[in-house]
Amino acid sequence: MLNLMLKEDLINRLKTIVSPYAQNKEALDSIHEETDFINDLKINSANLVDVILDVEEAFDIVIDNDAMEKMLTVKASMEVIEAKLSEK
Amino acid sequence: MDNRVVITGLGVVAPNGVGLEAFESALRAGRSGIRFDRELEELKFSCQISGKPQLGEPDIAPYFSTLELRNFNSKGIMYGVMAGMDSWKDAGLPLSEKDEPSWDYGMVFGSGTSGIDRFREAIYDIDALNVRRLGSTVVLQTMNSGVSAYLSGKLGLGNQVITNSSACSTGTESLLMAYERIRSGKASVVLSGATSDSGPYIWGGFDAMKVCTYKYNQEPEHGSRPMSSNASGFVPGSGAGALVVESLDHALARGARIYAEVLGGHVNSGGQRGKGSMTAPNPVAVQRCIREALHHAGVSADEVDLINGHLTATAMDALEIRNWVEALDRCGTDFPLINTLKGMTGHCLTAAGSIECVASVLQLYSNFVFPNVNCEEPHPEILNLIDSEKIPRETLNRQSRILIKASFGFGDINACVVLKKYAEPDA
């Protein structure tokens, strides 16, 4: 139960972060784990680096180039964030 | 047969007026946009006055998306987008909402140094080993063609989209490049314009060259004094001007309002030979540019009613008048009326030609001649060449038929355009 709440919380924080870049607002409203940043949210690929910078700032973590390349969906981003947080 | 070319839309973001209405009213009133600049004072500039368009967040917001305004710090792009979008709307042209761009509509929008404040932020980040923190917007805001890239995307242009750059002749050159493209039938509409960033990092180099005045820090509005006996250097300015240039056929077919006709013009260089140098114009080239412009436009020197000069308020002003006198072979009371905008705006550098072309077109269209402010006493060398009456100090309500406008730039380059009041064809 606790895990589920954390997951919801994480998705909501991600939603706030990607919101300025998402051009498909309907997909943003119904954001879930499987949501793809480019295909579903229609985020301009150039803005993916901005999303990652905003994530770094929000969670006070540093995301390396390898991890960055994986962050194309909500689920992948959550995994990266959780991994980086556990390293702290 | 070559297309006839007309101007059907205007936009302006100038130190003494943002938007056409405010700008025209400032022109008629001789209103100055030069103010004391605290930032220049704090940075110990010799010249602590400047011309900057007065803009607040609510003025800017309608032109950009919220996303575009995140980490946005390029005043040149800001001014250029505002002037460009305004001119497009003024021309009654649509924004392309379709999936397809407008293939016959293009752009020549000039810029000099672009996005210098964003560039400065980026340099600090890079030197602090934070290149990865730059984000996605540095390139777009600092590339010289950034202004064209932002504007053409908003308008959906599908013809040539280019940024020209030729120092202080950029704006006038952009109008002539647009004219050529339409005349030759390669486009039916070309948005012409130019923009210039403001601030210490743009102006510092000029301050160091001692070409800006330092004598009027306590009376900013009197600082820019082109053609005056006590002119002592230019006042740095900034902003953007935009003109929608269109084939006459295309304009008539869609029932557009026509501001003026572009009859032709010329661009050349003095090659930094003879009396020309990196910073001084070769008079032979300037005179040749003016003569060639008239020749190309099919206009004789006697037909010129009004000159809008470059006239920046440096020691070069008298030389410029001599060049006009020689090129037109007219002097004294035979000389046309002449004016310069720079007394009100300062020298808007890259954007000067475009802002001044907007001012020129407004004079033709609305039948007035704006005053040369701060020129109570013209320089004696100038009065040896032309009659004092030819330098209006008050607004004249007078119709001009032919106006000639020139801009000159560092690198010994010149641009000169001939405009004609448009007369409706006889029904």
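Of the helices (runs of 4 or more DSSP H) contained entirely in chain A, those carrying at least 3 residues that are within 13 Å of another protein chain (Cβ to nearest Cβ) fall at A:48-59, A:65-70. Checking each residue in region B:1-27 for being acidic (Asp, Glu) and surrounded by 19 or more Cβ atoms within 10 Å (Cβ to Cβ) picks out only B:GLU24. Taking region B:380-427 as the range and being touching a His at 6+ places or on another chain (Cβ under 7 Å), of a type outside the set (Ser, Thr, Tyr) and more than 29 Å from B:LEU252 (Cβ to Cβ) as the test, the residues that pass are B:ALA406, B:PHE408. Within region B:353-406, the only residue that satisfies the criterion of being of a type in the set (S, T, N, Q), more than 24 Å from B:VAL286 (Cβ to Cβ) and in a helix (DSSP H, G or I) is B:SER366.
With region B:1-84 as the region, which strands (runs of 3 or more DSSP E) entirely inside it contain at least 3 residues that are in contact with a helix residue (DSSP H, G or I) (Cβ under 6 Å, 6 or more places away or on another chain) and not assigned by TED's automatic domain parsing to the domain that holds B:ARG398? The qualifying strands (runs of 3 or more DSSP E) are B:5-14, B:34-36.
Report, by residue number, each residue of region A:32-70 that is of a type in the set (A, V, I, L, M), surrounded by 16 or more Cβ atoms within 10 Å (Cβ to Cβ) and farther than 17 Å from B:ARG133 by Cα. A:LEU41, A:ILE43 - these are the residues of region A:32-70 that are of a type in the set (A, V, I, L, M), surrounded by 16 or more Cβ atoms within 10 Å (Cβ to Cβ) and farther than 17 Å from B:ARG133 by Cα. Just so you know, in region B:335-352 the residues that are part of a strand (DSSP E or B) and under 10 Å from B:LEU311 (Cβ atoms) include one that is farthest from the chain's Cα centre (by Cα), and it is B:ILE338. What are the pairs with Cβ atoms under 7 angstrom where one residue, in region B:130-146, is at the interface with another protein chain (Cβ under 8 Å from one of its Cβ atoms) and within 27 Å of A:ILE61 (Cα to Cα) and the other, located anywhere, is hydrophobic (A, V, I, L, M, F, W, C) and surrounded by fewer than 16 Cβ atoms within 10 Å (Cβ to Cβ)? Sequence gap at least six, or different chains. Partner pairs satisfying both residue conditions: B:SER136/A:ALA46. Could you count how many residues in region B:379-409 are of a type in the set (Gly, Ala, Ser) and free of Cβ contacts under 8 Å to residues at least 60 places away in the same chain? Qualifying residue count for the region: 1.
The values are calculated or read from the model by the stated rules, or taken from the named source; none is laboratory data. Given the structure is predicted, the values throughout are model-derived calculations rather than measurements. Note that each Cβ is placed from the backbone with ideal geometry, even for glycine, and that neighbours are counted across all protein chains shown.
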